[in-house]
Amino acid sequence: MKSGIKVFAPASVANVAVGYDMLGFAIDKPGDEIVARFSDKPGLRITKITGAKGRLPYEIEKNTAGVAAQSLLEHLGETQRGIEIEIHKKMPFSSGLGSSAASAVGGAMAINELLRRPLTKRELLPFAIKGEQVASNAIHADNVAPSLLGGIVLIRSNAELDVHRLHVPKGLHAVVVYPHIEIPTKTARSILRKEVSLKKCIQQSGNLGGFIIGLFNSDIDLIKRSLNDVIIEEQRAQLIPGFYDVKAAVLNEGALGCSISGAGPSIFALCGNSLIAEKVGVAMQRVFSDKKIETTLYLSDINQEGAILY
Ligand code: HSE
């Protein structure tokens with residue numbers, strides 16, 4: 001057995017209410033682990049997958065972590081290197097937690113670490129994006145960028161991968177509830193109307209700007225006033241049983257805002273401190289348990305590190 005490395009890539013909340021395909025933040029848990037080691041057999045191989053219940057392919061070109069890893073190896077001119085990777089899925093599929101993005105980030109990160117960091121973390125972005133494309137068929141970095149870099153991230157342009165970390169006020173806490181239902185991202189994207197009214201565009205732009213200023217000035221009231229999605233949420237809420245009941249309960253407990261995490265079904269809330277976050281978590285789970293829907297709850301600071309070497 002040759003020596004290897006292990007990396008962790010965290011889950012993330014995309015859209016963050018007011019930044020569809022533009023905003024995302026990383027949370028501490030859950031996340032995927034990828035192990036990489038050299039082997040005597042030339043080329044890249046996936047030798048083990050756990051936690052995926054047989055749902056992930058071993059073929060490199062069909063696997064998000066595999067594609068991310070392979071595209072990085074091609075870029076580095078290292079395709080003849082013998083490398084084995086193991087994928088340990090520690091998060092649910094189609095959950096709105098950026099599961100495929102975490103695997104893709106892990107794939108690129110693992111190769112970079114194994115080869116002793118020829119690229120910076122930020123330079124891994126395009127390779128991780130290629131991996132995620134296998135799953136989502138669209139290019140949007142709002143899960144990949146926060147999973148890789150950590151923090152709250154604004155993607156000014158997905159085409160140019162113009163990605164910026166935003167300031168995170170002290171005490172800001174995230175609560176994410178995952179109801180055990182699956183919503184494929186492709187489905188959640190396909191139901192969206194292609195046109196947005198000028199009125200809504202103006203409202204949402206104001207909210208996005210307000211949210212960003214609120215973060216930079218640690219202006220909690222401004223964040224609260226701004227965290228209001230007038231474009232996407234109303235179209236996707238129908239896919240999540242009890243969404244509006246959860247939202248009402250969460251806001252009643254003092255959260256700054258609450259909306260769908262990524263493409264759903266997970267729902268996130270941002271809170272000004274950990275005490276409120278705990279109460280919000282209880283409220284979220286209560287609504288779903290009344291509806292006999294099982295849930296998993298994640299309470300987290302904004303994860304500032306992103307993907308890490310274990
Ligand atoms: N921005 C994406 C969406 C995130 O909402 O469809 C999910 O991949």
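The values are calculated or read from the model by the stated rules, or taken from the named source; none is laboratory data. Not measured: the values here are computed from a predicted model. A quick note on method: Cβ atoms are made from the backbone with ideal geometry, for glycine too, and the neighbour counts reach across all protein chains shown. To get the accessible areas, we keep the full protein, side chains included, count just its heavy atoms, and leave off ligands, DNA and RNA. Shrake-Rupley method; radii C 1.70, N 1.55, O 1.52, S 1.80 Å.
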Residue among Asp28, Asp229, Asp290 with the largest mean-square fluctuation in a Gaussian network model of the chain, springs linking Cα atoms under 10 Å: Asp290
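Measure off, as a whole percent, the carbon and sulfur share of the 1.4 Å-probe accessible area of the range 126-278, all protein chains present.
Details: 3530 of 6520 Å².
About 54 percent, which is the carbon plus sulfur part of the accessible surface.
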What residues of the range 121-150 lie in the reach of a label at Leu76, counting those whose backbone N is under 12 Å from a point 7 Å from the Cα along Cα→Cβ? 121, 124
Hey, can you find the accessible area per residue of the range 173-301 for me, probe 1.4 Å, expressed in square angstrom? 47 Å²
Angle check, please: helix 198-216 long axis (alpha carbons) against the longest principal axis of the chain (alpha carbons), in degrees 0 to 90, nearest 10. 70 degrees
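Is the shape of the range 65-198 rounded, prolate or oblate, going by the alpha carbon gyration tensor and its root eigenvalues a ≥ b ≥ c, with a/c under 1.5 for rounded and a/b larger than b/c for prolate? Please report the intermediate quantities before stating the final value.
Details: a/c = 1.59, a/b = 1.47, b/c = 1.08.
Prolate.
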Report the full-extension gain for the segment Arg193 to Arg156: residue separation times 0.36 nm, less the Cα-Cα distance, to one decimal in nm. 11.2 nm
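How much accessible area per residue does the range 1-108 have, counting only protein heavy atoms and a probe of 1.4 Å, in square angstrom? Walk me through the numbers before you get to the answer.
On the way: 4010 Å² over 108 residues.
I get 37 Å² per residue for the range 1-108.
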Label model pair Asn273, Arg117: point-to-point distance (7 angstrom along the Cα→beta-carbon line) in nm is 3.7 nm
For the chain, find the longest principal axis of its Cα atoms and tell me its angle to the long axis of helix 243-252, 0 to 90°, nearest 10. 70 degrees
By how many nm would the segment from Cys201 to Ser218 lengthen if fully extended, with 0.36 nm per residue of separation less the alpha-carbon distance? 3.6 nm
Calculate how steeply helix 274-290 sits against the longest principal axis of the alpha-carbon atoms of the chain, using the helix alpha-carbon long axis, and give the answer as 0 to 90 degrees to the nearest 10. 90 degrees
Once every DSSP H run of n ≥ 4 in the chain is given -39500 (n - 2.57) and the sum is divided by its residues, what mean residue ellipticity at 222 nm do you get, rounded to the nearest 500 deg cm²/dmol? -10500 deg cm²/dmol
How much length would be gained if the chain were fully extended between Glu234 and Arg55, taking 0.36 nm per residue of separation minus their Cα-Cα distance, in nm to one decimal? 61.4 nm
